[in-house]
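Quick notes on the structure that follows.
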Amino acid sequence: MRRYLRWLRRRFGKPTLLAAKDGPWRSKLFADYVCDGTADLDLIKRGLGETGHVCLGVGTFGPIETPLAVREGQLLEGAGPKR
(Lines give C-alpha, C1' and ligand atoms only; values in the text may rest on other atoms or scores of the structure.)
Protein backbone atom coordinates (compact mmCIF):
# COMPACT_ATOMS: atom_id res chain seq x y z
CA MET A 1 0.00 0.00 0.00
CA ARG A 2 2.79 2.45 0.82
CA ARG A 3 4.41 1.89 -2.56
CA TYR A 4 1.11 2.62 -4.24
CA LEU A 5 0.66 5.85 -2.26
CA ARG A 6 4.20 6.95 -3.08
CA TRP A 7 3.57 6.23 -6.75
CA LEU A 8 0.34 8.26 -6.65
CA ARG A 9 2.12 11.23 -5.09
CA ARG A 10 4.91 11.10 -7.67
CA ARG A 11 2.43 10.76 -10.53
CA PHE A 12 -0.23 13.25 -9.43
CA GLY A 13 1.33 15.33 -6.67
CA LYS A 14 -0.32 16.09 -3.35
CA PRO A 15 -4.05 15.41 -3.58
CA THR A 16 -6.76 17.87 -2.71
CA LEU A 17 -8.50 16.33 0.31
CA LEU A 18 -12.26 16.74 0.62
CA ALA A 19 -14.17 15.84 3.78
CA ALA A 20 -17.88 15.05 3.90
CA LYS A 21 -20.22 16.92 6.21
CA ASP A 22 -21.04 13.70 8.07
CA GLY A 23 -17.45 12.43 8.03
CA PRO A 24 -15.22 11.96 11.07
CA TRP A 25 -13.75 15.05 12.69
CA ARG A 26 -10.20 13.92 11.89
CA SER A 27 -10.86 13.95 8.17
CA LYS A 28 -12.33 17.46 8.49
CA LEU A 29 -9.28 18.61 10.42
CA PHE A 30 -6.84 17.63 7.65
CA ALA A 31 -9.08 18.38 4.66
CA ASP A 32 -8.45 21.18 2.21
CA TYR A 33 -12.23 21.65 1.87
CA VAL A 34 -15.19 20.46 3.94
CA CYS A 35 -18.26 19.82 1.80
CA ASP A 36 -21.60 20.97 3.15
CA GLY A 37 -23.83 18.71 1.08
CA THR A 38 -25.10 21.37 -1.31
CA ALA A 39 -22.36 22.33 -3.79
CA ASP A 40 -20.07 19.35 -3.43
CA LEU A 41 -19.64 18.92 -7.18
CA ASP A 42 -18.22 22.44 -7.43
CA LEU A 43 -15.60 21.65 -4.78
CA ILE A 44 -14.68 18.39 -6.52
CA LYS A 45 -14.25 20.24 -9.83
CA ARG A 46 -12.19 22.94 -8.09
CA GLY A 47 -9.90 20.31 -6.59
CA LEU A 48 -9.45 18.56 -9.93
CA GLY A 49 -8.62 21.90 -11.50
CA GLU A 50 -6.08 22.80 -8.81
CA THR A 51 -4.09 19.60 -8.43
CA GLY A 52 -5.62 17.04 -10.79
CA HIS A 53 -5.89 14.61 -7.86
CA VAL A 54 -8.86 14.61 -5.48
CA CYS A 55 -9.31 12.27 -2.55
CA LEU A 56 -12.81 12.11 -1.07
CA GLY A 57 -12.94 11.29 2.61
CA VAL A 58 -15.29 8.92 4.39
CA GLY A 59 -18.94 9.93 4.36
CA THR A 60 -21.72 11.04 2.06
CA PHE A 61 -21.28 13.81 -0.46
CA GLY A 62 -24.15 15.96 -1.69
CA PRO A 63 -26.36 15.19 -4.63
CA ILE A 64 -24.44 15.18 -7.87
CA GLU A 65 -27.04 15.56 -10.59
CA THR A 66 -24.74 15.98 -13.58
CA PRO A 67 -22.06 13.52 -14.66
CA LEU A 68 -18.52 14.38 -13.67
CA ALA A 69 -15.96 14.11 -16.44
CA VAL A 70 -12.48 13.20 -15.20
CA ARG A 71 -9.95 13.97 -17.90
CA GLU A 72 -6.85 12.03 -18.76
CA GLY A 73 -4.14 12.75 -16.21
CA GLN A 74 -6.64 13.45 -13.41
CA LEU A 75 -7.47 11.12 -10.53
CA LEU A 76 -10.61 11.02 -8.37
CA GLU A 77 -10.59 8.52 -5.53
CA GLY A 78 -12.83 7.89 -2.55
CA ALA A 79 -12.50 6.30 0.84
CA GLY A 80 -15.91 4.62 0.76
CA PRO A 81 -19.04 4.91 2.89
CA LYS A 82 -19.08 5.84 6.56
CA ARG A 83 -19.23 2.78 8.80
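Key figures for this structure:
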item: Selection status of Leu75, among the hydrophobic types (A, V, I, L, M, F, W, C), in contact with a His (Cβ under 9 Å, 6 or more places away or on another chain), surrounded by 11 or more Cβ atoms within 10 Å (Cβ to Cβ) and touching a residue at least 40 places away in the same chain (Cβ under 8 Å); result: yes
item: Members of region 9-28 found to be over 14 Å from the mean Cα position of the chain (by Cα) and of a type outside the set (Lys, Arg), listed by number; result: Asp22, Pro24, Trp25
item: Pairs where the first residue, in region 56-67, is over 25 Å from Lys14 (Cα atoms) and the second is of a type outside the set (S, T, N, Q) and not in a loop (DSSP other than H, G, I, E, B), C-beta under 9 Å, 6+ apart; result: Pro63/Asp40; Pro63/Leu41; Glu65/Leu41; Thr66/Leu41
item: Breaking point among (1) closer than 17 Å to Gly80 by Cβ; (2) assigned to a loop (DSSP other than H, G, I, E, B); (3) of a type outside the set (D, E, K, R), for Leu18; result: (2)
item: Residue within region 63-81 that is part of a loop (DSSP other than H, G, I, E, B), acidic (Asp, Glu) and under 25 Å from Trp7 (Cβ atoms) present; result: yes
item: Neighbours by Cβ (under 6 Å, 6+ apart or cross-chain): first from region 15-27, more than 16 Å from Ile44 (Cα to Cα); second polar (S, T, N, Q); result: Asp22/Thr60
item: Per-region count, region 25-51, residues in a loop (DSSP other than H, G, I, E, B) and at pLDDT below 90; result: 4
item: Matching residues in region 39-50 - criterion: being surrounded by fewer than 18 Cβ atoms within 10 Å (Cβ to Cβ) and touching a strand residue (DSSP E or B) at 6+ places or on another chain (Cβ under 8 Å); result: Arg46, Glu50
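The values are calculated or read from the model by the stated rules, or taken from the named source; none is laboratory data. Computed from a predicted model, the values in this text were never measured in an experiment. All Cβ positions, glycine included, derive from the backbone under ideal geometry; neighbour counts span all protein chains shown.
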